[in-house]
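The next block holds one structure in the form of structure tokens; read it before the comments.
The values are calculated or read from the model by the stated rules, or taken from the named source; none is laboratory data. All figures in this text were calculated on a predicted structure; none of them were measured in a lab. Please note: Cβ atoms are built from the backbone with ideal geometry, for glycine as well, and neighbour counts cover all protein chains shown. We work out accessible area using only protein heavy atoms, side chains counted, and drop any ligands, DNA or RNA first. Shrake-Rupley method; radii C 1.70, N 1.55, O 1.52, S 1.80 Å.
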Amino acid sequence: MADLTNEIKKRRTFAIISHPDAGKTTLTEKFLLYGGAINTAGSVKGKATSKHAVSDWMEIEKQRGISVTSSVLQFNYDGFCINILDTPGHQDFSEDTYRTLMAADSAVMVIDASKGVEKQTIKLFKVCVMRHIPIFTFINKLDREANDPFELLDEIENVLGIRTCPINWPIGCGKQFKGVYDRNTKNITTFKAVSSGGQKVAETQEIPVDSEETRAEIGYALHDQLLDDIELLDGASDEFDQERVSAGELTPVFFGSALNNFGVENFLQHFLAMTSSPLPRTSNIGEISPFSDNFSAFVFKIQANMNKAHRDRIAFMRICSGKFTAGMEVFHIQGGKKIKLSQPQQMMAEERHIVEEAYAGDIIGVFDPGIFSIGDTICTGSEKFEYEGIPTFAPEHFARIRQVDTMKRKQFIKGINQIAQEGAIQIFQEYNTGMEEIIVGVVGVLQFDVLKFRLENEYNCEIRMETLPYTDIRWIKDREMDMNQLKGVSDVKKVKDLKGNPLLLFSNQWTIRMVLERNEGLELLEFSK
């Protein structure tokens, strides 16, 4: 038992969220450099001339230079075992990020110092707030021209609605970026840029803020400005309070440059000291302790064809309690039967290795023969329970999809169903018709491009896509309702989802109100669990 407790206490599991181009993937890579998990930033195995971020593995990601799926990366540092969930930054893939945040215990929010809080950050941040998870802010790219740091803090507080507590403070920015001041030690760490290759750290030295050497090093004007800033910070900013941080009410803020690796290790050290090991999770029988002898986990992501050679399908699980051992038998709650989890593995982008054991807080990928859905619970022990579900978000864009070659119907149905089970798209059928008419719904339009690309490249199936004029979808609460009896639905599309639930597609909010008025007692839901 002592072994189990010690292993779980070492675990830290966090998600990295940001707007695209804020430097999230670069920051992830620098963490991995410190943990010795990779040797050179921006490298994956493959052609020496073709460097891509280690966490981006899908072909379309390499072609477009964006992350469209969440990667799971594990490394060890200073006695801790750290699981990073790297999420897509592009808002068209935000649903994948929502699900990933369900598997994380805390979040690191990366903000570009020259752009401040951007639209996508707001959306993702609200999910963190909803879950009351601790949020740590890394304000990146200080080696470029940046906004005033006080304005950046104001923006975080006003736009995101969370108080800030700067742990360090920048001195200058861009070509004038001289380093950061540590509010705890009252020392300055100076910054000298280095190339962004495999080198671990920017050249630095630590000197007291009030020494003559500091004035000479950073220049009198910047030193006077810093002393004024410190006075203002000490008088006006929130003090560090671990309880408020843990409750998600206060975000510790750090400044640095991930590209030049300045401030990254300092951030990592503070982060590990301020976060906790895995906490209890809510189930339908109450909270489940991570230190329980019984193993339990839930599926938060499914990914098909991660390895073209194997045409496989991986279910990613967050372990919530106990210890996992390879070959163990578990009970699949939704399937209602015992199963063996086969080929358990952990990932480092395309690299994977078989896992012999894993503990609460860890993420494992297991081979899925098509039995798992997102949100499923697996457990051992006599008492069966289910973790709280992961909501399905309502798509906002719709298209009718047809395969070009009717002889490839089988590949088409298999491909579209597998991609739908991953949660990237939702598929619907016309009410009272067969699978001839398939309607796809997505949260962001870029998902249509990914769907087309994957059907052609992974399933050898060319498709035609016709966008539909609908913007809103509602599930009908009464699953047994006969939709033919509904009144005033001439401008509404009647469909059903994969589980046979009845839904309506609307072209605007006004039509929703009209249908509700004309059909007394009709209840519509914005999302389905």
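Cβ-Cβ contacts under 7 Å between residues 6 or more apart (or on different chains), taken from a first residue in region 209-224 that is modelled with pLDDT of 90 or more to a second residue that is assigned to a helix (DSSP H, G or I) and hydroxyl-bearing (Ser, Thr, Tyr), are listed as 223/214. If I filter region 135-149 for residues that are in contact (Cβ under 8 Å) with a residue 24 or more places away in the chain and assigned to a helix (DSSP H, G or I), do I get at least one hit? Yes. The set of residues in region 254-272 that are within 29 Å of residue 7 (Cα to Cα) and more than 22 Å from the chain's Cα centre (by Cα) comprises 263, 266. If I filter region 234-265 down to residues being in a helix (DSSP H, G or I) and farther than 17 Å from residue 160 by Cβ, which single residue comes out as least open to solvent (accessible area, probe 1.4 Å)? Checked region 234-265; the qualifying residue least open to solvent (accessible area, probe 1.4 Å) is 264. For residue 278, the stated conditions hold: it is under 30 Å from residue 29 (Cα atoms), touching a residue at least 12 places away in the same chain (Cβ under 8 Å) and part of a loop (DSSP other than H, G, I, E, B). For region 443-460, give me each residue that is closer than 24 Å to residue 499 by Cβ and either among the acidic types (Asp, Glu) or at pLDDT 85 or above (or both). Listed by number, the residues that qualify are 448, 451, 455, 459.
From 139, 135, 111, 156, grab the single residue that is out of contact with any helix residue (DSSP H, G or I) (no Cβ under 8 Å at 6 or more places or on another chain) and β-branched (Val, Ile, Thr). Break it down stepwise before answering.
On the way: 139 fails: out of contact with any helix residue (DSSP H, G or I) (no Cβ under 8 Å at 6 or more places or on another chain); 135 fails: out of contact with any helix residue (DSSP H, G or I) (no Cβ under 8 Å at 6 or more places or on another chain); 111 fails: out of contact with any helix residue (DSSP H, G or I) (no Cβ under 8 Å at 6 or more places or on another chain).
Testing whether each residue is out of contact with any helix residue (DSSP H, G or I) (no Cβ under 8 Å at 6 or more places or on another chain) and β-branched (Val, Ile, Thr) leaves just 156.
Taken as a whole, the condition of being open to solvent by less than 40 Å² (accessible area, probe 1.4 Å), small (Gly, Ala, Ser) and part of a loop (DSSP other than H, G, I, E, B) does not apply to residue 415. Does residue 288 fit the bill of being at pLDDT below 90, on the phi < 0 side of the Ramachandran plot and surrounded by 14 or more Cβ atoms within 10 Å (Cβ to Cβ)? No: the conditions fail for residue 288. The C-beta contact set for region 483-506 (first residue open to solvent by 60 Å² or more (accessible area, probe 1.4 Å), second residue part of a helix (DSSP H, G or I) and hydroxyl-bearing (Ser, Thr, Tyr), distance under 7 angstrom, 6+ apart or interchain) comprises 491/511. Just one of the listed residues (125, 150) is open to solvent by less than 10 Å² (accessible area, probe 1.4 Å) and out of contact with any Lys or Arg (no Cβ under 8 Å at 6 or more places or on another chain), namely 125. Which of the residues belonging to region 208-224 are in a helix (DSSP H, G or I), loosely packed, with under 14 Cβ neighbours inside 10 Å and of a type outside the set (Phe, Trp, Tyr)? Selection gives 212, 213, 216, 221, 224.
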